[in-house]
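Structure first, then comments.
The values are calculated or read from the model by the stated rules, or taken from the named source; none is laboratory data. In this text the structure is predicted, and so the values were computed from the model without any measurement. Glycine gets a Cβ as well: all are built from the backbone with ideal geometry, and neighbour counts include every protein chain shown.
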Amino acid sequence: MDETEIVRLELHDFRNIESIELRPSLDGLTVVQGENGAGKTSLLEAVVYCSTLQSFRGAPREAVVRQGCAEAKLRCDVLAGTRKVEIEINVLPGRRDRAWHNAQRVPGTRGLLEVLRTTLFTPDDLGLVKGSPSGRRDFLDDVLAKSHPRLGTDRAALERVLRHRNALLRQLAGRLDSEAATTLDVWDDRLSLIGERLATSRAELVEALLPHAAEAFAVLAGGAGIFNMRYVRSWEGPLGDAIAASRREDLRRATTTVGPQRDELELEAGGLDARTRLSQGRQRCVALALRLASHRLMTTITGAAPVLLLDDAFSELDDATARALVGELPLGQALLTTAGELPPGASPKLVVKLANGRLKQ
């Protein structure tokens, strides 16, 4: 099976980093150590940005450009199987990013994802379990976009339809004439088509993830019971019928009340609701299991293991869970950031230190 490997990462004026170059170990674990605020997370954020043109922190592009600078420049040399690709990105505040593969312009993220995929672990992953349903939907959509780039466009299409439909509902202020009804019918048809397709894709993804997640959870939280998850739609029957039935309520509330934007991913372990009934330690095991499952599934679907990124992912784990996670980490390239000691059982191929925006081996 092929692997995706980062040969070289070069950053200029990204976040608090003026200029830096990292050549990680091609096979195995590279550890980046440094004090809090040294830029360790920014380093991994740049890797993800080279794949998605987005910050995994949810920050706008203006925030990733170093203060006082006109733009940020990223370069990521990737070995995808036997193919060598040079990814170059210019981040321009107030304008669209410019991206290139081997000096050829790339119009969008689909082209980037076909070359570089990543799996990210962070302490914030606890929000996948404890947080709102939107975070779990985002998790599913992120895996869909990385494993099936074509399907990943459905999420963006849904957001466009909802934006226009909700704007129309607000404009109508509860009053519907024949002309407005015709326009609303058009948006309803689009919502039904895209929504059904996206919900079906998510449900099929959950079925594919489940065995991987259950296996990982059993190792990470031995004795905590069987892990299960299910995708729950916010409507019954055909989506088109549900949208038609909710029109009066949508007009009253000036928003769309049914559709995949309101669906839920339910998680449980040992028959208990993971969000409300598990200890925080067990919840972390659920979150880790989901990340491991997504990595394994993407590897199976695409035929290439994503680059594994671990942003201080062991800081909140007890020794037993940390050791179990190290044992479950898949083969291939991995980058781990830490402000403290290495996790129990870790055997890095390369250790570098980050301080004041500079790397030292």
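Looking for something modelled with pLDDT of 95 or more, in a strand (DSSP E or B) and touching a Phe, Trp or Tyr at 6+ places or on another chain (Cβ under 9 Å) - is there at least one such residue anywhere in the stretch 270-287?
Scanning the stretch 270-287 turns up no residue that is modelled with pLDDT of 95 or more, in a strand (DSSP E or B) and touching a Phe, Trp or Tyr at 6+ places or on another chain (Cβ under 9 Å).
Considering only the stretch 101-115, I want to know if a residue exists there that is surrounded by 15 or more Cβ atoms within 10 Å (Cβ to Cβ) and among the basic types (Lys, Arg).
no
Out of the stretch 42-91, which residues are over 25 Å from ASP124 (Cα atoms) and either in a loop (DSSP other than H, G, I, E, B) or of a type in the set (Asp, Glu) (or both)?
Across the stretch 42-91, the qualifying residues are GLN67, GLY68, CYS69, ALA70, GLU71, ASP77, GLY81, THR82, GLU86, GLU88.
How many residues does the stretch 148-160 contain that are crowded, with 20+ Cβ neighbours inside 10 Å and within 10 Å of SER201 (Cβ to Cβ)?
Selection size over the stretch 148-160: 3.
How many residues are among the hydroxyl-bearing types (Ser, Thr, Tyr) and in a helix (DSSP H, G or I) when one looks only at the stretch 119-160?
The qualifying residues number 3.
Taking interchain pairs and intrachain pairs at least six residues apart, which have beta carbon atoms under 6 angstrom, with the first residue in the stretch 269-284 and touching a residue at least 40 places away in the same chain (Cβ under 8 Å) and closer than 20 Å to SER134 by Cα and the second surrounded by 15 or more Cβ atoms within 10 Å (Cβ to Cβ) and acidic (Asp, Glu)?
ALA274/GLU268
Which numbered condition trips up ALA145, out of (1) among the aliphatic types (A, V, I, L, M); (2) at pLDDT below 95; (3) more than 19 Å from the chain's Cα centre (by Cα); (4) crowded, with 16+ Cβ neighbours inside 10 Å?
Only one criterion is unmet by ALA145, namely (3).
Between residues in the stretch 32-45 that are farther than 23 Å from PRO306 by Cβ and residues that are assigned to a helix (DSSP H, G or I), which pairs lie under 7 Å by C-beta distance while being six or more apart or on different chains?
GLY34/LYS40
Might you check whether a residue that is among the small types (Gly, Ala, Ser) and assigned to a loop (DSSP other than H, G, I, E, B) occurs anywhere in the stretch 299-306? Before you say what the answer is, go through the steps one by one.
Narrowing the stretch 299-306 to residues among the small types (Gly, Ala, Ser): 303-305.
Okay, now just the ones that are also assigned to a loop (DSSP other than H, G, I, E, B), so 303.
Within the stretch 299-306, one or more residues are among the small types (Gly, Ala, Ser) and assigned to a loop (DSSP other than H, G, I, E, B).
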